[in-house]
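Peer 1: I'd like to ask some things about the structure below.
The values are calculated or read from the model by the stated rules, or taken from the named source; none is laboratory data. What you are looking at is a predicted structure, and each value in this text was computed from that prediction instead of being measured. Note: ideal-geometry Cβ built from the backbone for every residue, glycine included; neighbour counts use all protein chains shown.
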């Protein structure tokens, strides 16, 4: 039933005539209608199915219709409309404190009912199936995501290290959290970004230090390994870890013991390791940024997260998911119009799910009333001519011009940074730093960044 695309409507009313009118409008608007005459019947209905529209009477034989609204999980259902023949200030005030779309007074105009049904159809077109977030709060019904979810379920209970590879913004930490939640481990989930901690501090942060181990070490400190005892340690951007530290990390993984900086006592550790990188790990090994022996130890079970462009059918689901989260947070009932979902599906999303989430949030903030509209992507873009020149559109920011110039020059240089640097009159280090920034912003992938400013062969 959850897989049906037809809009599902629940009418809760003890008036047979009113239910007949709603049934006829639902038929004309091609909506599936479920009828309940009492609060008890309605409770059974919402337990068995989800609805895109709940049309609820206030005065029911066994209670108040708003009690149903209090009891149900609003994230599981669509819009709610109250219909009453006995309006009161008290009921109206109680209704407006809830995510109620309409407060209707009987007799209800057929046009008003028809509009509610049409809104329900729009919601049904992008309804988030119950099975869409099977692990760790991730959302997806596409074949690549279903395969990923199944792999996570299989490996999560096993005591093996997992290496997660995916572009920026694809949700590597969500995968790590899902692995932890399904592992059955009682300890904490600790996430560490190896590229965000200064190299000279990373050792003491990971493995801890004893009092007096270095200047400023006024007391002993248990590192992330000890904090994650009995749980999961997520090492994000592990390819940014200094090679010398990778050697010690490998020893800890092999012996399941560690020695704090400045200490001599070996401390046993029981920690499940999940590592991740937005670089291709095999390229990182080939380029000397990741030790091969450490990669084989970390990559006992590799997982790859597909970029958003490889699972476009999930874009409407994700967009609705993010909008519903905003609705829950701010007690609103905003919805997308059909054109907005099409526009979201047409974009390339180089920043993947993170970029999509920010786009939905921005549209939510700018929305008028209850309809969220995604504008056409009309940002000024550079145009590459056939002769290799570039035309920059008026209105482009300086950062956009610089980025387009650098990327087009790199493309014309077959991605050779030395050659592109000579053409632009800058250093390869400058190019590499810019590419790192663009990757962090989700504008380019790992293949364009490479492994470092000097990864090109002399030409």
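Peer 1: I'd like the full set of residues that are under 19 Å from the mean Cα position of the chain (by Cα) and at pLDDT below 95, limited to segment 277-303. Explain how you work it out, then say what you get.
Peer 2: Let us first name the residues in segment 277-303 that are under 19 Å from the mean Cα position of the chain (by Cα), namely 277-278, 303.
277, 278, listed by residue number.
Peer 1: If the requirement is being in contact (Cβ under 8 Å) with a residue 24 or more places away in the chain and within 16 Å of residue 234 (Cβ to Cβ), which of these qualifies: 184, 208, 195, 212?
Peer 2: Working: 184 fails: within 16 Å of residue 234 (Cβ to Cβ); 208 fails: within 16 Å of residue 234 (Cβ to Cβ); 212 fails: within 16 Å of residue 234 (Cβ to Cβ).
After applying the criteria, what remains is 195.
Peer 1: Could you say whether any residue in segment 226-237 is in contact with a strand residue (DSSP E or B) (Cβ under 7 Å, 6 or more places away or on another chain), assigned to a helix (DSSP H, G or I) and closer than 18 Å to residue 196 by Cβ?
Peer 2: Within segment 226-237 (the criterion being in contact with a strand residue (DSSP E or B) (Cβ under 7 Å, 6 or more places away or on another chain), assigned to a helix (DSSP H, G or I) and closer than 18 Å to residue 196 by Cβ), the answer is yes, since at least one residue qualifies.
Peer 1: Report yes if residue 450 is modelled with pLDDT under 85, over 18 Å from residue 288 (Cα atoms), surrounded by 15 or more Cβ atoms within 10 Å (Cβ to Cβ) and under 28 Å from the mean Cα position of the chain (by Cα), otherwise no. Even if it seems obvious, please write down each step before you answer.
Peer 2: Working: modelled with pLDDT under 85: yes; over 18 Å from residue 288 (Cα atoms): no; surrounded by 15 or more Cβ atoms within 10 Å (Cβ to Cβ): yes; under 28 Å from the mean Cα position of the chain (by Cα): yes.
For residue 450, the condition - modelled with pLDDT under 85, over 18 Å from residue 288 (Cα atoms), surrounded by 15 or more Cβ atoms within 10 Å (Cβ to Cβ) and under 28 Å from the mean Cα position of the chain (by Cα) - is not met.
Peer 1: Then there is this: Hey, among the residues in segment 421-447 that are at pLDDT below 80 and surrounded by fewer than 19 Cβ atoms within 10 Å (Cβ to Cβ), which one's nearest to residue 288 (Cα to Cα)? Break it down into steps so the answer makes sense when it comes.
Peer 2: Residues of segment 421-447 at pLDDT below 80: 439-447.
Checking which are surrounded by fewer than 19 Cβ atoms within 10 Å (Cβ to Cβ) leaves us with 440-441, 443, 445, 447.
Working: 440: 21, 441: 25, 443: 25, 445: 20, 447: 16 Å.
Result: 447.
Peer 1: Looking only at segment 15-26, how many residues end up being within 37 Å of the chain's Cα centre (by Cα) and free of Cβ contacts under 8 Å to residues at least 60 places away in the same chain? Write out each step before concluding.
Peer 2: Our first condition is that a residue be within 37 Å of the chain's Cα centre (by Cα); within segment 15-26, this holds for 26.
Then drop every residue that is not free of Cβ contacts under 8 Å to residues at least 60 places away in the same chain, which leaves none.
Looking only at that region, the number is 0.
Peer 1: May I ask you to verify whether residue 411 is modelled with pLDDT of 85 or more and part of a helix (DSSP H, G or I)?
Peer 2: Working: modelled with pLDDT of 85 or more: no; part of a helix (DSSP H, G or I): yes.
Answer is no for this residue.
Peer 1: Kindly provide the set of residues from segment 263-302 that are within 24 Å of residue 230 (Cα to Cα), surrounded by fewer than 19 Cβ atoms within 10 Å (Cβ to Cβ) and in contact with a strand residue (DSSP E or B) (Cβ under 8 Å, 6 or more places away or on another chain), ordered by number. Give the steps one after another, and end with the answer.
Peer 2: Just the residues of segment 263-302 that are within 24 Å of residue 230 (Cα to Cα), to begin with: 263-277, 294-302.
If we keep only those that are surrounded by fewer than 19 Cβ atoms within 10 Å (Cβ to Cβ) too, we end up with 263-268, 270, 296-297, 300-302.
Correct list: 263, 265, 266, 267, 268, 300, 301, 302.
Peer 1: Looking only at strands (runs of 3 or more DSSP E) that fall completely inside segment 243-362, which ones have 3 or more residues that are in contact with a helix residue (DSSP H, G or I) (Cβ under 8 Å, 6 or more places away or on another chain) and in contact (Cβ under 8 Å) with a residue 12 or more places away in the chain? First the steps, then the outcome.
Peer 2: Working: elements: 257-259, 266-268, 272-277, 301-304.
Ranges flagged: 272-277, 301-304.
Peer 1: Only one residue in 119, 200 is without any contact (Cβ under 8 Å) to a residue 40 or more places away in the chain and on the phi < 0 side of the Ramachandran plot. Which one?
Peer 2: On the way: 119 fails: without any contact (Cβ under 8 Å) to a residue 40 or more places away in the chain.
Exactly one residue qualifies, and that residue is 200.
Peer 1: Let me ask another. Find the residue count for segment 203-257, including only residues that are over 30 Å from the mean Cα position of the chain (by Cα) and farther than 21 Å from residue 290 by Cα.
Peer 2: Within segment 203-257, residues that are over 30 Å from the mean Cα position of the chain (by Cα) and farther than 21 Å from residue 290 by Cα number 16.
Peer 1: Filtering segment 145-178 down to residues that are touching a helix residue (DSSP H, G or I) at 6+ places or on another chain (Cβ under 6 Å) and assigned to a helix (DSSP H, G or I), which residue is nearest to residue 226 (Cα to Cα)?
Peer 2: In this case the residue turns out to be 178.
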